[in-house]
Structures are given as C-alpha cells and as structure tokens.
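Report on the following structure.
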Amino acid sequence: MAIEQRQPSALLQAALWYADQGYPVFPCAPGRKTPLTEHGLLDATTDADQIEAWWTQSPGANLALRTDGLIVVDVDGADNAWLQDQPERLAQLATVPTSLTPRGGRQYMFRQPEGRCWRNTAGQLAHRVDTRADGGYVLVAPSVVAGTAYRWLDGLDLPAPEKLDPPPDWLVALLDRMAP
C-alpha cells in the first residue's frame, strides 16, 4: 500500500520537473494513454499551478508530453528488429534520450531541425515503428500501463528541449520523405 501512496507524489513531481525543463504536459487516465483534459494535448502546459491542480484532482494520472517541436521514434516491442541489420545507424541512436516503454519498446527523443514541421506517423518508417511529432504526445516516466512503468534508459534521460539533438542525417532524409 505504501508504494501506491508514493506514486501520485512521484507523478506530480515528475510533471512539474518536465514542465520546468520546458515540456508542456497534461494528465492521462491512470493506467492508460487517454487524455483526462477536455481538449487533450491542446491543454498541455508548463504552468505549475495548473499541473498541481490536475494531479491534485487525479493523483494517479499518467503523464504525457506534447511532442510539438520534437520527433519521437517509437519502436514497438522488445523483439522489434528495426535497424538490427544496420548497426552503424543503430549505434547513432544509442546515445540519445531513450524511454523504455511498458511492453519493451523504445522511444528515441530528438528535437525537430529548424524549418521542419513533421507530423505523427504509424508504421511508415518501418513495421511497428511510429513517430510522434507536431500534433502528438507520448507518455513518459513514471507513467504506468498494464502494471509496468515507463522509464528512462540509464544515463539517457531527457534534457531540456533546446539541448536535444536533431535526428541523424539518414533519419532526417527518411522523415522528410514521409512528410506530406
């Protein structure tokens, strides 16, 4: 029972930390990815008072980041072989902020390069590889889905948005080809 009592505090503290770094956040239903606010990601904010009000009302709410200005490459499943046959490209992803998802996937976080306006995609980059960008959101640590928490890979947690690197050139070229 003590763990359950600490989790809401951890979620609120994390939401305030992400917001302080410059990431607009909003709450999602406990254990789910469904927004709790009336306008979903459009309600995302860095305003500490609003964040405290949300997590006071729903202390177990999951934590979502709005991904405008970012590009998040979301590789679904621990068994996903994306880039396994291209070790030099995979190695370039080994140093970027990486969130481990509850089902064993990975989310690689980048800043969109200036002049780009990428949108969300599903399975266009590769099988079971989605992107979240302008108009999207992702759950982040310490959110929990199916009883398992999101977490940052050791040493590869999220810096302030302006300190994120843009994607490597090969990934920029792929993302540009998918853009409308």
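Can you match Cα extents along the principal axes in Å to one of these, (i) 75, 37, 31; (ii) 111, 24, 19; (iii) 45, 34, 26, based on a calculation from the structure here?
Calculated Cα extents along the principal axes in Å: the matching label is (iii).
Given springs between every Cα pair under 10 Å in a Gaussian network model of the chain, which of S99, S58, S143 has the largest fluctuation?
Comparing S99, S58, S143 in a Gaussian network model of the chain, the most mobile one is S58.
Under the 0.36 nm per residue contour assumption, what length would be gained going from the current alpha-carbon distance of E38 and A126 to full extension?
Numbers: separation 88, 0.36 × 88 = 31.68 nm, distance 3.27 nm.
Length gained between E38 and A126: 28.4 nm.
Quick one: if you stick a label point 7 Å off each Cα along the C-beta vector at D165 and M178, how many nm between them?
With each label point 7 Å from Cα toward Cβ, the separation is 2.0 nm.
Take the alpha carbon atoms of region 37-54, find their center, do the same for region 55-81, and report the distance between the two centers in whole angstrom.
15 Å
What's the carbon and sulfur percent of the chain's accessible surface, probe 1.4 angstrom, rounded to a whole number?
Carbon and sulfur: 50 percent of the exposed surface of the chain.
Assuming a ≥ b ≥ c are the square roots of the Cα gyration tensor eigenvalues, decide whether region 26-108 counts as rounded (a/c under 1.5), prolate (otherwise, with a/b larger than b/c) or oblate.
Because a/c hits 1.5 or more and a/b exceeds b/c, region 26-108 counts as prolate.
Return the single residue from T45, T101, T131 with maximal mean-square fluctuation; model: Gaussian network over the chain, springs between Cα atoms under 10 Å.
Judging by the Gaussian network model, the answer is T45.
Between E114 and D49, what is the spin-label point distance in nm, taking each point 7 Å from the Cα along the Cα→C-beta axis?
Label at E114, label at D49, 3.5 nm between them.
With θ set to phi - 60° and the Karplus curve 6.51 cos²θ - 1.76 cosθ + 1.60, what are the ³J(HN,Hα) couplings of region 27-35 in order, to the nearest whole Hz, using x for Gly and Pro?
Rounded to whole hertz, the list is x, 10, 3, x, x, 9, 9, 7, x.
Non-local amide H neighbours of R111 (under 5 Å, H modeled in plane, Pro and chain starts lacking H): which ones?
Under 5 Å from the amide H of R111 lie the amide H atoms of I71, D165, each far enough along the sequence or on another chain.
Evaluate the distance, in nm, between pseudo-label points positioned 7 Å from the Cα of A91 and of D157 along their respective Cα→Cβ axes.
It works out to 2.9 nm between the two label points.
Tell me, what is the per residue accessible area of the chain in Å², probe radius 1.4 Å?
On the way: 9230 Å² over 180 residues.
Averaged over the residues of the chain, the accessible area is 51 Å².
Using a Gaussian network for the chain with springs between C-alpha atoms less than 10 Å apart, which of these wobbles most: L12, L65, L153?
L153
The values are calculated or read from the model by the stated rules, or taken from the named source; none is laboratory data. Given the structure is predicted, the values throughout are model-derived calculations rather than measurements. Here Cβ is always computed from backbone atoms with ideal geometry, including for glycine, and neighbour counts include all displayed protein chains. Surface areas here come from the heavy atoms of the whole protein model, side chains and all, with no ligands, DNA or RNA. Shrake-Rupley method; radii C 1.70, N 1.55, O 1.52, S 1.80 Å.
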